[in-house]
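Enquirer: Handing you a structure now.
We did not get these values from a lab; they are worked out from the coordinates using the rules stated. Model, not experiment: these values are computed from the prediction. Neighbour counts run over all protein chains shown; Cβ positions are idealised from the backbone, glycine included.
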Amino acid sequence: MKRQPIMDFTAHMTRLCQDVCERLEVFQHICMDQVAVTFAQSKTPGIYGTQAKLTPMRFEEGSLTTTRRGRTWTVQRFYLGKREMLYILTFYLPRYQNNTFREKMITVLHELYHISPYFDGDIRRFDGRYHAHSASQKEYDRLMERYVDEYLQLTPPRELYAFLEHDFRSLIKHHGNVVGHKLPIPKLIPIEDDRRLA
């Protein structure tokens, strides 16, 4: 069997996310040009643990600053070319890739749904104490399952999501190597130190 070219995981995932955001109305506020898709190495073996995470690059209501314990902070800002990133979407490999296809799709939509409907760099906030996932994590996950079914019923091109049908070892076997973008975790910066804001 002929080996395929080296696989750029983050490029594949970006194209999939773009298609999801174009096809499903609930995600059409998202501009993937300002979402940096990255990967990080999972520190423990197996499929259990954090699969992916969304890092917002703004605070509540899109603010560049927040106050904690009486001190004002901002967050380190990232640019790809001249475009500032409002979110960083990180997948943990190989853990994420070793899940079932359905679980991987649910994870993708789960993280995209965290993006604020205002696309202002903040997360989607629910009323009450559990502002990130609403009062019921199970209800949130069931909603994502429905969105996955809705997306697949729209018959997107299989080449967009075929890479999720393989586990990590299979990707390595087919491509020889899996590469992609990595970004450091953004740092909180005291607002007084304005030399580091740029």
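Enquirer: Here's a check for you: in the range 2-22, which residue that is under 21 Å from GLY121 (Cα atoms) and charged (D, E, K, R) is surrounded by the fewest Cβ atoms within 10 Å (Cβ to Cβ)?
Expert: GLU22
Enquirer: Of the numbered conditions (1) under 18 Å from the mean Cα position of the chain (by Cα); (2) more than 22 Å from ASP149 (Cβ to Cβ), THR74 satisfies every one except a single condition; which is it?
Expert: The number of the failed condition is (1).
Enquirer: For the range 162-181: of the residues being part of a loop (DSSP other than H, G, I, E, B) and within 17 Å of GLN51 (Cβ to Cβ), which is nearest to the chain's Cα centre (by Cα)?
Expert: GLY180
Enquirer: If I go through the range 94-111 residue by residue, how many of them are in contact with a helix residue (DSSP H, G or I) (Cβ under 6 Å, 6 or more places away or on another chain) and either assigned to a loop (DSSP other than H, G, I, E, B) or farther than 11 Å from VAL148 by Cβ (or both)?
Expert: Kept after step one, since they are in contact with a helix residue (DSSP H, G or I) (Cβ under 6 Å, 6 or more places away or on another chain), are these residues of the range 94-111: 94, 97-98, 101, 104-106, 109-110.
With either assigned to a loop (DSSP other than H, G, I, E, B) or farther than 11 Å from VAL148 by Cβ (or both) added as a condition, the list becomes 94, 97-98.
Qualifying residue count for the region: 3.
Enquirer: Could you list, in sequence order, the residues of the range 152-166 that are surrounded by fewer than 16 Cβ atoms within 10 Å (Cβ to Cβ), within 18 Å of ASN98 (Cβ to Cβ) and in contact with a helix residue (DSSP H, G or I) (Cβ under 8 Å, 6 or more places away or on another chain)?
Expert: GLU165
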